[in-house]
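Read-outs: derived from the displayed coordinates by stated rules, not from any lab. Treat the numbers as computed from the prediction; the structure is a model and nothing was measured. No Cβ is skipped: glycine too gets one built from the backbone with ideal geometry, and neighbour counts run over all protein chains shown.
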Amino acid sequence: MGISEFTVHNVLRTYARQDKLARVQRIKNRPVSKPTGAVDQVSLSQAGRKIQWLGQFAGELVARQHPDLDGDAAADKVRRTRDDLLSRHRDEVLDEGLPPETFEARLRAIYLG
């Protein structure tokens, strides 16, 4: 008794289909694993924290000195102010011995008096 090529093909196709469905079911029924403390974190250097704060401080200064500015004009003024502050206080920004909190207090005393 012989088995035709067509029958063998049908059996293999059916087996492949059932195997694929079984894999999909196993994936669906697998419990979702929760990450175990693997959370991305970014740590800024002291200089990075100072530069970040300078940008915020520039925004605060522009808002106080030019409350009438809005939109692009305000953003440009903040950018120029930040760049000016950065060039004036570059040595303090790069000084690793100067904590960001002390740097912030010094600049607030200078500019907000």
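Once whole DSSP H runs in the chain are found, which of them have Cα atoms spread over 20 Å or more along the helix axis and a mean Kyte-Doolittle score of at least -0.5? Present the calculation step by step, with values, prior to reporting the outcome.
Details: long enough: 5-29 (36 Å, -0.86); 46-65 (28 Å, -0.40); 71-88 (26 Å, -1.14).
Helices meeting the criterion: 46-65.
Summing Lys, Arg as +1 and Asp, Glu as -1, what charge do residues with Cβ under 15 Å from the Cβ of Lys20 carry, Lys20 excluded? Provide the component values of the computation, followed by the final result.
Details: positive: Arg13, Arg17, Arg23, Arg26, Lys28; negative: Asp19.
Combined, the nearby Lys, Arg, Asp and Glu give +4.
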> Got a sec? Charge dipole of the chain, +1 on Cβ for Lys and Arg, -1 for Asp and Glu; which of Gly2, Leu21, Gly113 is way out at the positive end?
Replying inline: Gly2
> Around Gln46, what is the net charge, scoring Lys/Arg as +1 and Asp/Glu as -1 over all other residues with Cβ under 15 Å from its Cβ?
Replying inline: -2
> Once you list every other residue whose beta carbon is under 15 Å from the beta carbon of Asp68, what net charge do they have if Lys and Arg are +1 and Asp and Glu are -1?
Replying inline: -1
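With each run of n ≥ 4 DSSP H residues scored as -39500 (n - 2.57), what mean residue ellipticity at 222 nm is computed for the chain after dividing by its residue count and rounding to the nearest 500 deg cm²/dmol? Display every interim value, and only then the final one.
On the way: 5 runs with 81 residues, N = 113.
Result for the chain: -24000 deg cm²/dmol, rounded to the nearest 500.
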>> With 10 angstrom as the radius, rank Phe6, Phe103 by how many other C-beta atoms surround their C-beta, starting from the fewest.
In response: Phe6, Phe103
